Amino acid sequence: MEEKKYSSWNIIKRLLSYYSKKKNLLILSCILIILSTITEIASPIILSNFINNVINNNIFKKKSIILLIIYFIMLQIFSSLFNYLYSIYFSKLSTEIITELRIKMMKTALKQPMKIFDKKPISSIVTKIVTDTESVKEFYEVIVSSFLKNSILFTVILATMFILEWRMALISSIITPIIIIIIIIHQHYSKPIIKKIKNSLSKLNNTISEIINGITIIQQFKQEKNFIKQINIINNNNYINKMNILKIDGLLLRPLLTLISSIILSSIILILQLFPAVIVKISILHTFINYLRHLNEPIITIANQQTILQQAIVSSERIFKFIDSPSQIYGSNTEPLNSGQIKLNHIFFKYPQTKKNILKNININIPDKSCVALVGKTGSGKTTLSNLILGHYSVTKGTIYVDKKPINSLSHKILRKNIAIVQQEPTILYGNLIKNISLDRKIEQKKIIRALQKSQLQELIENLPDGYMSILGQHGNSLSQGEKQLIGIARILVSNPKILIFDEATASIDSESEQKIQKILLSIRKKSTVIIIAHRLSTIVDADMIIVLDKGKIVERGSHEQLIKKKGLYYSMYTYQKNNKSI
Ligand SMILES: Nc1ncnc2c1ncn2[C@@H]1O[C@H](COP(=O)(O)OP(=O)(O)OP(=O)(O)O)[C@@H](O)[C@H]1O
Ligand SMILES: [Mg+2]
């Protein structure tokens, strides 16, 4: 079923179905192609008529020469005009379709279930959206356009030949199967070389992006020469392969086709000699010579685009499979939440690709507006648990209740409005601080500035050249991890979620940033339920409840004092950090 859905033919049909909404533009383009073809092939007929006149009347009339010149110029003008209009409309058509496809893909990408990113590199999705759509664009711009143009050209020429002199046209049409055979042979030799050229081009792209991404490492280890050498080798291979293609085209294809055309023409003349009853005007012969040359071209062009077509089909398959992939599933309950109460009831969880459960029998009751800290060694499952509370993954067994409602019954809007996270290292977008806080949500600038002040970012803002409007570098390279977390908090402050999860940065952040974060969290605790994933245990001593995870199980729970008294895992982690001054 799956195989059939993505067979080449079905993919082509699906690609063509995008025209259905733009029928008018497509019909207009086709009419323009027909007009441009007619004006293109009318010249030989007009010239023939002129020759006829000269032969019949045996004189050159000044008037008819001027008329001929005018006709010729007019035809050229109209032909160019129709061609121009057709190209414009066709480009518009393909660009519109590709834009539609790209938007569809972006929407799909944004609705991907989180588990997808555990298996696939993000770059593969980027490649799909950028490179694959570019290759599909060629399908619309090159393949369809040229198929329409060339098949119309071929049909019009052949039809005209039949109208002029059907017997000669019949002989001439023998050329078609011969051309097809020659092209098949030609492709047999050229296809492997074209594939090599494509491979070397993608290798070139990869190497260049590798070099640019790793420029600091390359410079540090003085590897510039090595990389330049690599690029030279790929470039040379590319050059050799391109020359080979030119040789095959220049030595095999064109001369052979010209030879065949000449043979057919000679046989026409020979047949005419043998059957003197068939009288053919010299003017018609002239037209035929002209058309025979033109008859090859459409077939050669269409056949040569086979590789582009194959490439477009492969890319489309990837695109359609992506568009058809299931998106993240949410519930339909859109009722606003009354509280930030959370209940985890016998939760078991494993990632799609892990064999064992990562979380085992987790039971936690988190009252509204309380502060719970999750602690445990690295890999114990803290981030995993927060992912479940965020609704990013579905639990394997058990139920999570938020405000007494099962989490999987809540709509996407309610989930995102009410449950927010400040990640270990929040993503900073290229743009100014205001944009980084608003994230294109409709929020008044005043509110954003207030959130920035509340998040203790004034000092940073004062040091930036353009204040709030300063551009933060890509990935926030110019910011410390502490500052990034403060920006993450400011993003939350503008939206007042019922539940806030704070994943403390693992790398030690400066104590000044840490104090700032503590201060803000304290103020948020009054309004929301706060879950802190803590690495520095000193930051959570005053939490209402501390939950200690070990290998996916809850091993201890209670307040700081209770756990210290217990002298268990928490106690040993706390004393270890204290003695090593990492607190
Ligand atoms: N996306 C994933 N796919 C498969 N396994 C995962 C995935 N994310 C985490 N794991 C595994 O789940 C376990 C718990 O990981 P998790 O990230 O929840 O730990 P953590 O307690 O947050 O650790 P840290 O303190 O280092 O942040 C680890 O063994 C990890 O390898
Ligand atoms: Mg973690």
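The values are calculated or read from the model by the stated rules, or taken from the named source; none is laboratory data. These numbers were taken from a predicted model, which means no experiment stands behind them. Don't worry about glycine lacking a Cβ; one is built from the backbone with ideal geometry, like all the others, and counts go over all protein chains shown. These accessible areas exclude ligands, DNA and RNA; they are computed on the full protein's heavy atoms, side chains included. Shrake-Rupley method; radii C 1.70, N 1.55, O 1.52, S 1.80 Å.
A few remarks follow.
- Some residue of region 139-157 being under 18 Å from the mean Cα position of the chain (by Cα) and of a type outside the set (D, E, K, R): yes
- Failed item, numbered, when Thr258 is tested on (1) open to solvent by 70 Å² or more (accessible area, probe 1.4 Å); (2) at pLDDT 80 or above: (2)
Results for (1) closer than 30 Å to Ile34 by Cβ; (2) of a type outside the set (S, T, N, Q), shown as yes or no for each residue.
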{"residue": "Glu138", "(1), (2)": "yes, yes"}
{"residue": "Asn150", "(1), (2)": "yes, no"}
{"residue": "Met161", "(1), (2)": "yes, yes"}
{"residue": "Ile180", "(1), (2)": "yes, yes"}
{"residue": "Ile185", "(1), (2)": "no, yes"}
{"residue": "Asn199", "(1), (2)": "no, no"}
{"residue": "Ser202", "(1), (2)": "no, no"}
{"residue": "Asn213", "(1), (2)": "no, no"}
{"residue": "Ile217", "(1), (2)": "no, yes"}
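- Residues being more than 16 Å from ligand 2 (Cβ to nearest atom) and open to solvent by less than 20 Å² (accessible area, probe 1.4 Å) - total across region 501-540: 8
- Counting only helices (runs of 4 or more DSSP H) that sit completely within region 1-71, those holding 1 or more residues that are closer than 25 Å to Thr95 by Cα and of a type in the set (Gly, Ala, Ser) correspond to 8-17, 23-57.
- Condition check for Ser380: within 16 Å of ligand 1 (Cβ to nearest atom) and either hydroxyl-bearing (Ser, Thr, Tyr) or in contact with a strand residue (DSSP E or B) (Cβ under 7 Å, 6 or more places away or on another chain) (or both): yes
- Number of the exception - Ala312 against (1) surrounded by 19 or more Cβ atoms within 10 Å (Cβ to Cβ); (2) away from ligand 2 (no atom under 16 Å from the Cβ); (3) over 39 Å from the mean Cα position of the chain (by Cα): (3)
- Ile300 vs. criteria open to solvent by less than 40 Å² (accessible area, probe 1.4 Å), among the aliphatic types (A, V, I, L, M) and in the same structural domain as Pro177 (by TED's automatic domain parsing): yes
- Meets criteria (within 16 Å of ligand 2 (Cβ to nearest atom) and within 30 Å of Glu514 (Cα to Cα)) for Thr378: yes
- A single member of Leu81, Leu93 is open to solvent by 70 Å² or more (accessible area, probe 1.4 Å), outside any loop (DSSP other than H, G, I, E, B) and either assigned by TED's automatic domain parsing to the domain that holds Lys149 or within 16 Å of ligand 2 (Cβ to nearest atom) (or both), and it is Leu81.
- For region 131-138, the condition holds for no residue, the condition being that it is on the phi < 0 side of the Ramachandran plot, aliphatic (A, V, I, L, M) and within 16 Å of ligand 2 (Cβ to nearest atom).
- Of all residues in region 532-577, those satisfying the criterion of being more than 16 Å from ligand 1 (Cβ to nearest atom) and at positive phi are Gly558, Lys567.
- Taking each residue of region 352-375 that is at positive phi and looking for partners that are open to solvent by less than 10 Å² (accessible area, probe 1.4 Å) with beta-carbon atoms closer than 7 Å, six or more apart or interchain, yields Lys369/Gly340; Lys369/Ser528; Lys369/Thr529.
Residue by residue, here is whether (1) farther than 23 Å from Tyr570 by Cα; (2) away from ligand 1 (no atom under 15 Å from the Cβ); (3) in contact with an Asp or Glu (Cβ under 6 Å, 6 or more places away or on another chain); (4) open to solvent by 10 Å² or more (accessible area, probe 1.4 Å) holds:
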| position | (1), (2), (3), (4) |
| --- | --- |
| Ser316 | yes, yes, no, no |
| Phe320 | yes, yes, no, no |
| Ile347 | no, no, no, no |
| Thr354 | yes, no, no, yes |
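- Taken as a whole, the condition of being within 15 Å of ligand 1 (Cβ to nearest atom) and either in the same structural domain as Leu537 (by TED's automatic domain parsing) or at pLDDT 95 or above (or both) applies to Val375.
- Of the residues Ser523, Ser572, Ser538, the single one that is assigned to a helix (DSSP H, G or I) and touching a residue at least 60 places away in the same chain (Cβ under 8 Å) is Ser523.
- Filtering region 390-424 to residues that are within 16 Å of ligand 1 (Cβ to nearest atom), at pLDDT below 95 and closer than 16 Å to Ile501 by Cα leaves Leu390, Gly391, His392, Tyr393, Ile421, Val422, Gln423, Gln424.
- Taking region 115-171 as the range and being at pLDDT below 80 and open to solvent by 50 Å² or more (accessible area, probe 1.4 Å) as the test, the residues that pass are Lys115, Phe117, Asp118, Lys119, Lys120, Pro121, Ile122, Ser123, Val126, Thr127.
Yes/no matrix, rows are residues, columns are (1) open to solvent by 40 Å² or more (accessible area, probe 1.4 Å); (2) assigned by TED's automatic domain parsing to the domain that holds Ala169; (3) not hydrophobic (A, V, I, L, M, F, W, C):
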position: Glu224; (1), (2), (3): yes, yes, yes
position: Lys229; (1), (2), (3): yes, yes, yes
position: Asn235; (1), (2), (3): yes, yes, yes
position: Ile248; (1), (2), (3): no, yes, no
position: Leu251; (1), (2), (3): yes, yes, no
position: Leu270; (1), (2), (3): yes, yes, no
